[in-house]
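So the structure is just underneath, and the comments pick up after that.
The values are calculated or read from the model by the stated rules, or taken from the named source; none is laboratory data. Quantities reported herein were computed from a predicted structural model and do not represent experimental measurements. Cβ sites come from the backbone with ideal geometry, for glycine too, and all protein chains shown count toward neighbours.
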Amino acid sequence: MRIVETYSHLNGEEYLLVHQPAIYDEIKAVIANLDAAKCMTKTSKEKTMRGKKLFSPPALNKAFEAEFRARGWSESRYKYYVTTNRKYLPELVGRPLKEQRDFLAAQGIANPIQSYKQTDFVKNRVAIEVQFGKYAFVAFDLFVKHLLFYSGDLIDVGIEILPMKEMSADQNGGRRMSTGIAYFEGEVYNILRHGRNSPPVPLLIIGIAP
């Protein structure tokens, strides 16, 4: 596969170029090594293209996982305690899990709710999500997952790898992916509409295609 476009939010790409060039080169190598044609294994059940062979998101995700795992990227989980009181958040963010519980207990919260968020690939304080799912999943990655890992001081930059719009259709307009799959151009547009500083986390959005 190939990188078609990138979008740097809050200097996410610049951070990689200056501080993590080897990691950035590794990500580019993973993308270049993927053969998307091998992942065209889904048989559509949609009325407008029933029986047509499409790119399979699970197959694409599995191929990316094999490449990243081979290079030492691993899943990471960030555990935390939930609060609905805004004034407690500055005290909670960045604290170890036990200290979070102790702090909330000191505020009179006897049974605080523990939760967690998981990200697919983390290495050297860089987090990557590969997303071939629906639009809502990308928004969750960008505005919840990457932000939470960043505010928890587990990462310095988040990366989202997305298909370009061209990946969903061939040059003649024939579909190559199921309908409703998020795409690079649309998600970058969504970020731009939120304003320059939202979400408040350095990000690199990478648009790929076969």
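Only one of these is touching a residue at least 12 places away in the same chain (Cβ under 8 Å) and part of a helix (DSSP H, G or I): Glu160, Glu187. Name it. Give the steps one after another, and end with the answer.
Numbers: Glu160 fails: part of a helix (DSSP H, G or I).
That would be Glu187, the only listed residue that is touching a residue at least 12 places away in the same chain (Cβ under 8 Å) and part of a helix (DSSP H, G or I).
Quickly run through segment 61-101 and pick out the residues that are polar (S, T, N, Q), without any contact (Cβ under 8 Å) to a residue 24 or more places away in the chain and either touching a Ser or Thr at 6+ places or on another chain (Cβ under 7 Å) or over 15 Å from Ser115 (Cβ atoms) (or both). Before the answer, list the steps.
Within segment 61-101, the first condition is being polar (S, T, N, Q), and the residues that meet it are 61, 74, 76, 83-85, 100.
Then drop every residue that is not without any contact (Cβ under 8 Å) to a residue 24 or more places away in the chain, which leaves 84-85, 100.
Matches in segment 61-101: Asn85 only.
Checking Ile206 against (1) among the aliphatic types (A, V, I, L, M); (2) surrounded by 18 or more Cβ atoms within 10 Å (Cβ to Cβ); (3) modelled with pLDDT under 90, which single condition isn't satisfied?
Every condition holds for Ile206 apart from (3).
How many residues, within segment 108-126, are touching a Leu at 6+ places or on another chain (Cβ under 9 Å), closer than 21 Å to Glu65 by Cα and part of a loop (DSSP other than H, G, I, E, B)?
The qualifying residues number 1.
With the structure loaded, tell me whether Tyr116 is surrounded by 15 or more Cβ atoms within 10 Å (Cβ to Cβ) and touching a Lys or Arg at 6+ places or on another chain (Cβ under 9 Å) or whether it fails that test.
In short, no.
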